[in-house]
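Since every read-out is calculated from the coordinates, none of them should be taken as a lab result. Everything quoted here is computed from the prediction, not taken from an experiment. Glycine also receives a Cβ, built like all others from the backbone with ideal geometry; neighbour counts cover every protein chain displayed.
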């Protein structure tokens, strides 16, 4: 017997995953909230679930990769991003 999980619960879980992953990367609530609305809206509307799940998964993979990368790599990436004029606030 398989448990049927409603689509809105899946959308909320994917939204939380995306929110906390992007928040870890940017430390900006505004950016995290705006980007996490993508899986939420797509899940509630009921279209493109694959895109919404892929987006949340990609955010999670990026956050995990950033958390396990060595400090030298983080420093190098920050310096390259500083050259472009963008600001990174990730740990």
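For the chain, take the longest principal axis of its alpha carbons; what is the angle in degrees between that and the long axis of helix 29-45, to the nearest 10 within 0 to 90?
For helix 29-45, the angle is close to 20 degrees.
Viscosity 0.890 mPa s, temperature 25 °C: give me the Stokes-Einstein translational D for the chain in µm²/s, with Rh taken as the Kirkwood radius over C-alpha pairs. Don't skip to the answer; put the middle values down first.
Details: Rh = 14.2 Å.
Approximately 173 µm²/s, per Stokes-Einstein.
Consider a paramagnetic label point 7 Å from the Cα of residue 45 along Cα→Cβ; state which residues of segment 1-24 have an amide N under 19 Å from it.
7-16, 18-19
Taking Cα atoms, how many degrees apart are the long axis of helix 49-68 and the longest axis of the chain, rounded to 10 and kept between 0 and 90?
30 degrees
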